Amino acid sequence: MKLYLHIGTEKTGTTSIQDFLVANESKLFDLGYGISKVSGIGNNRKLAAFSMRDERSDDFFEASNLTTVDARVQFKKHFREEFESELQNLAENVHSVIISSEHFHSRCVNEDELQKLKALLVKYFDEINVICYFRPQVELATSLYSTALRVGFTHTAVEFISNELRLDNYYYNYLDIYQNWVGVFGKSNMNVRLYGKQNFRGGDLMEDFCYSIGLDYSTCGFSSVPSSNKSINHIGQLMLRRLNDSLSRNESADNEIRRQFVSWLESKYDGKGFRCPYETEVKLQQKFDEVNRAVLHKAGYGASKLFSIQPSRGDLDDSSVAQDLIDVTLELWKEKSCLTDHEINVIRDSAVELEGKNVSAAIELMKLAQKFRPEGTYIKNKLATYEEKVGRRNQWI
């Protein structure tokens, strides 16, 4: 029996692929392909968690209240029994199994963890084909920024991305990742694919993935699935960053406030988030040119192959950001008869963010904050400072 082991990487359409597999489970079964349910519906994360060293924990274990080594050992013992039973009881027509989780990329980072994974799999599979998508590291970090804001980070996009993109960060060092997996599963079993419409077979991710598992997407009659990844545009990101400034990352009550705010932003301000200026992106990406050239050459793409970066819109115009901020706060004001302290702080701090760039916009936002906190001393003082600044400027006009 054959296994197609899709390991991500993260932020390369893995959720879309997993949703596609779940939506087409029946059709895949008719074609002789099985998917694991014991490992998790869609994201087979439990198998990645099983492979981690017992002393290592992550958000999956924390959310499952598996906070001690003993608890994780018991979980892994139980999971192994269920997983092996699932494989032993596959229907006779199943000749291939598909397992998918981006957490193989981000959690299984040590050779012994991959060896543990392989030791479990080789008992049931004669052939294991590892499928891995790579994209430019600067794009990966840019996509990750929105996720970081959702869990409480307060850095600007440039700060976050610049700090992330280091050669010693395994998450972005594709050569280390490639060599880890090749060292355990073998070069002939490693299928490296390049993420991006310009690289996909037929210009489509699902068609490309199906090709990688030996299927012709155009003739199989698969159901298409809508994109499930919700995005927040640059204004939503800025508002969320300001909210994070006033919240704790560890308090459950604060996390619930953040979750509700994120849900509201996703419904109102979806779209593309911040990107670094193109010149900055190029400079950051160039740090990985040597390792990328090496891994792509090893993967069969040629000695000169490198990732290409599409030009970004660069820095957003301050006046445009200011107007969007005013619009978003006005909408928030119209929808609610009162605001929480945290929401007022977001408006107030957004004004402070703009005071050195667009004082007129800062005044508008601070006035909105004052409507909901009329006795706020800090807000009053800021408004007086802004208006004095505008008055001095008008004297020279």
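The values are calculated or read from the model by the stated rules, or taken from the named source; none is laboratory data. Please read these numbers as outputs of a predicted model, since none were measured by experiment. Neighbour counts are summed over all protein chains in view; Cβ atoms, including those assigned to glycine, are modelled from backbone coordinates with ideal geometry.
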Within the stretch 39-53, how many residues turn out to be surrounded by fewer than 17 Cβ atoms within 10 Å (Cβ to Cβ) and either over 24 Å from residue 230 (Cβ atoms) or under 16 Å from the mean Cα position of the chain (by Cα) (or both)?
1
Flagged pairs (Cβ under 7 angstrom, 6 or more apart or on separate chains; first in the stretch 56-75, touching a residue at least 40 places away in the same chain (Cβ under 8 Å); second surrounded by 12 or more Cβ atoms within 10 Å (Cβ to Cβ)) are 58/107; 60/45; 60/49
Based on this model, can you work out whether residue 350 counts as touching a Leu at 6+ places or on another chain (Cβ under 9 Å), assigned to a helix (DSSP H, G or I), of a type in the set (Gly, Ala, Ser) and at pLDDT below 90?
yes
Hey, any hits in the stretch 222-231 for a residue that's surrounded by fewer than 16 Cβ atoms within 10 Å (Cβ to Cβ), closer than 30 Å to residue 118 by Cβ and either in the same structural domain as residue 23 (by TED's automatic domain parsing) or without any contact (Cβ under 8 Å) to a residue 12 or more places away in the chain (or both)?
no
Taking residue 326 as the residue in question, decide whether it is over 25 Å from residue 19 (Cβ atoms), in the same structural domain as residue 355 (by TED's automatic domain parsing) and at pLDDT 80 or above.
no
Quick one: which helices (runs of 4 or more DSSP H) lie wholly within the stretch 194-305 and hold at least 1 residues that are over 27 Å from residue 17 (Cβ atoms)?
234-245, 252-268, 278-286, 289-298
Across the stretch 379-397, which residue is surrounded by the fewest Cβ atoms within 10 Å (Cβ to Cβ) among those that are modelled with pLDDT of 85 or more and hydrophobic (A, V, I, L, M, F, W, C)?
384
How do the pairs read when you match residues in the stretch 7-30 that are free of Cβ contacts under 8 Å to residues at least 12 places away in the same chain with residues anywhere that are aliphatic (A, V, I, L, M) and buried (at least 20 other Cβ atoms within 10 Å of the Cβ), using Cβ under 8 Å and keeping only pairs 6 or more apart or on different chains?
25/35
Among the charged types (D, E, K, R) and either modelled with pLDDT under 95 or closer than 25 Å to residue 270 by Cβ (or both): which single residue out of 207, 139, 111 fits that description?
139
Contact list, first residue from the stretch 356-370 and in the same structural domain as residue 388 (by TED's automatic domain parsing) and among the basic types (Lys, Arg), second anywhere and at pLDDT 85 or above and surrounded by fewer than 19 Cβ atoms within 10 Å (Cβ to Cβ), beta-carbon distance below 8 Å, six or more apart or interchain, is 367/383
So which helices (runs of 4 or more DSSP H) are wholly in the stretch 86-190 and hold at least 3 residues that are under 22 Å from residue 45 (Cβ atoms)?
103-107, 111-121, 137-150, 174-185
When residue 50 is run through (1) of a type outside the set (D, E, K, R); (2) outside any loop (DSSP other than H, G, I, E, B); (3) out of contact with any Lys or Arg (no Cβ under 6 Å at 6 or more places or on another chain), the failure sits at (3)
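The rows are residues; the columns are (1) in contact with a Gly (Cβ under 9 Å, 6 or more places away or on another chain); (2) crowded, with 19+ Cβ neighbours inside 10 Å; (3) under 30 Å from residue 304 (Cβ atoms); (4) of a type in the set (Val, Ile, Thr).
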{"position": "218", "(1), (2), (3), (4)": "yes, no, no, no"}
{"position": "237", "(1), (2), (3), (4)": "yes, yes, no, no"}
{"position": "253", "(1), (2), (3), (4)": "no, no, no, no"}
{"position": "256", "(1), (2), (3), (4)": "no, no, no, no"}
{"position": "271", "(1), (2), (3), (4)": "yes, no, no, no"}
{"position": "275", "(1), (2), (3), (4)": "yes, yes, yes, no"}
{"position": "278", "(1), (2), (3), (4)": "yes, no, yes, no"}
{"position": "287", "(1), (2), (3), (4)": "no, no, yes, no"}
